[in-house]
Each structure stands twice: as structure tokens, then as C-alpha cells.
1. Within region 73-83, can one find any residue that is of a type outside the set (Val, Ile, Thr), touching a residue at least 60 places away in the same chain (Cβ under 8 Å) and in a strand (DSSP E or B)?
2. Have a look at 67, 94, 108 and point out the one that is surrounded by fewer than 13 Cβ atoms within 10 Å (Cβ to Cβ) and in contact (Cβ under 8 Å) with a residue 40 or more places away in the chain.
3. Output the number of residues of region 111-132 satisfying the condition of being under 23 Å from residue 175 (Cα atoms) and either aromatic (Phe, Trp, Tyr) or open to solvent by 40 Å² or more (accessible area, probe 1.4 Å) (or both).
4. Does residue 89 qualify as being surrounded by 14 or more Cβ atoms within 10 Å (Cβ to Cβ), more than 23 Å from residue 14 (Cα to Cα), at pLDDT 95 or above and touching a helix residue (DSSP H, G or I) at 6+ places or on another chain (Cβ under 7 Å)?
5. Would you confirm, using the coordinates I've provided, whether residue 48 is open to solvent by less than 60 Å² (accessible area, probe 1.4 Å), assigned to a loop (DSSP other than H, G, I, E, B) and not aromatic (Phe, Trp, Tyr)?
6. Is it the case that residue 33 is in a loop (DSSP other than H, G, I, E, B), buried (at least 22 other Cβ atoms within 10 Å of the Cβ) and in contact (Cβ under 8 Å) with a residue 24 or more places away in the chain?
7. With the structure loaded, tell me whether residue 73 is modelled with pLDDT of 95 or more and surrounded by fewer than 16 Cβ atoms within 10 Å (Cβ to Cβ) or whether it fails that test.
8. For residue 1, only one of the following conditions fails: (1) open to solvent by less than 70 Å² (accessible area, probe 1.4 Å); (2) of a type outside the set (S, T, N, Q); (3) in contact (Cβ under 8 Å) with a residue 12 or more places away in the chain. What is its number?
Amino acid sequence: MQVIKKIEELRQVIGSAKREGLVVGLVPTMGALHDGHIALINQSRGNGDFTVVSIFVNPTQFGPSEDFDRYPRQLESDLEKCRAAGVDVVFAPDVSEMYPEGFGTYVDVQGITEIFEGAFRQGHFRGVATVVIKLFAAVEPRRAYFGMKDYQQLKVIEKMVRDLNVRVDIVPVPTVREPDGLAMSSRNVYLSEEERRAAASLYRALITAKKAVDEEGIADAETIRRMVESVLLAEPLVQIDYAAVVDKETLQIVESVKNGAVVLLAVRIGSTRLIDNMLIGVSDK
């Protein structure tokens, strides 16, 4: 496994791999790797890709009051996990490599970025889209792998790729969960024991929505939303940012889930903000 910090060196290595006929897969991460990231790597490896993992805590997607400075950074541990998973190249640039002096060009995906996470974290998706398009330009992968836990992010990237005619296939990978259902996230380490127990309510709320559709035949989206909210509000430590039932592609609020929908959640538990989602309805298979 090679560890590379410079874009030009990365391009040389990838160019050599492509000349050998290898298909390049990219797994973009901010490090602090867990089993959710390993699932992305395994998907790339399973597709026979020459797998590149980027590890870069991207400052442009953090707001001024967010957790950029305390975001977990554990490069040596991450590199060990990448080696064990069979990664070919880790790209771990410095901030100055990705955003050199004088940098002033950003990607703004309109519409879908202005709701939910975009409303609570203004500028977040501009930073995400910008760093992802820069990674695509540096790596030029055939496929790029994104976890479905960050569902709105996934849809933003898919729209950006369509709108800009970027030649990369976006591969969604299902959310990996802890035994109690909590979606794996690098931010879970912030939770105290009591907060960690409270965090399991997100999955309970999502399962409540899924059972309401699959077992009780409820199709009214507002009824489902209220059921989800009631499960979350039963946990005193949970503060809801949003709980919504939306269209799977546009993320617009729907009235009925009969053609499938997605439940989006964002909550605060103590100083930690968690997001999760689940597909529900007849089209969620």
C-alpha cells in the first residue's frame, strides 16, 4: 500500500495503474475509519477496483461553530486499517495541497443543498461538493463509493455528477450499524455512556416508521412523521433538529409513502449532532 500526499505523485501512480488496465475506485473519507468505511472499501475491492482511499478532514465543510478542531484524527490507525483491508493507495494530503494559497473556486449544487442539513449547516454542502470534485479530478476514478448514512450528501453528489457530466459511477453502500442499530459514525466517540444509550432511539424511531408501513399498512407521511417524532421525544436527552418523510430523489416532503420514501433524522444529544435515515415503503427493497 502506498501513502501519497501530493496530487502530482497520485496522478502518476494512478496513471500507471490505468495503463495496466486496472479500474480505479475511490473511497473518500475524513479518516477516523470504522466498519462503515471498511464496508465501502470492501465494496470497491469486491468490484475488482484498484482502490484509492482519501483521508482528509475538509475544513470547507465545517461551519465556524462546528467541530473541525476536535474532529478525530488518527492517521496511523487509519493506515493500519487500510492495509488490512487491502487498499492500494491512501491519499492523505495537507490542507495546503487541496486549498493552495489564492484558492477561490467552489461548487454550489443548488436546490437540494438548501434544505435539512443545508439549512442547519449553511455552506456545508458547498464544501463537500468542492472537495469531492477536486478528489475526482485528482484520482479520475471509474467508481466512487459513498455510504447511505449521509443520504442527503449522497444525493448532492449524484446531482453534481449528473449536472457537470462527470465520468464517474456513484456507488451507494448501505449503512453499517452497531448491534443496537446506531449508525456507525466517527462522531459517536463524542457520546458519554448515557448519551450513547439515548442515541439508540434514532434507530428505534426509524424501525417504528418501517413497521408502520410494512406491517400496519400506513401510507400517510405525516402520521408516520409524528410516530417517529414521538419515539425520539420519549428520550429526554434527544433534541430534534428535523424528522421528515421525503421523496427518495428530490428530498421534498411527501404526503404518501405508497411509492416509497425516506425518513430523514437529525438530532442533538449533548454536544453531539447525529443524522440517520431509512428507506420505507414498497420501493425500499
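1. Of the residues in region 73-83, the ones of a type outside the set (Val, Ile, Thr) are 73-83.
Those still in the list that are touching a residue at least 60 places away in the same chain (Cβ under 8 Å) too: 79, 82-83.
If we keep only those that are in a strand (DSSP E or B) too, we end up with none.
Scanning region 73-83, I find no residue that is of a type outside the set (Val, Ile, Thr), touching a residue at least 60 places away in the same chain (Cβ under 8 Å) and in a strand (DSSP E or B), so the answer is no.
2. When all the criteria are applied, what remains is 94.
3. 4
4. Numbers: surrounded by 14 or more Cβ atoms within 10 Å (Cβ to Cβ): yes; more than 23 Å from residue 14 (Cα to Cα): no; at pLDDT 95 or above: yes; touching a helix residue (DSSP H, G or I) at 6+ places or on another chain (Cβ under 7 Å): yes.
In short, no.
5. Values: open to solvent by less than 60 Å² (accessible area, probe 1.4 Å): yes; assigned to a loop (DSSP other than H, G, I, E, B): yes; not aromatic (Phe, Trp, Tyr): yes.
Against the criterion (open to solvent by less than 60 Å² (accessible area, probe 1.4 Å), assigned to a loop (DSSP other than H, G, I, E, B) and not aromatic (Phe, Trp, Tyr)), residue 48 qualifies.
6. Against the criterion (in a loop (DSSP other than H, G, I, E, B), buried (at least 22 other Cβ atoms within 10 Å of the Cβ) and in contact (Cβ under 8 Å) with a residue 24 or more places away in the chain), residue 33 qualifies.
7. The answer is yes for residue 73.
8. The one condition residue 1 does not meet is (1).
The values are calculated or read from the model by the stated rules, or taken from the named source; none is laboratory data. For clarity, every value in this text was computed on a predicted model and none was experimentally measured. Cβ atoms come from the backbone with ideal geometry, glycine included; neighbour counts cover every protein chain shown. Remember, those area values only see protein heavy atoms, side chains included, never the ligands or the DNA or RNA. Shrake-Rupley method; radii C 1.70, N 1.55, O 1.52, S 1.80 Å.
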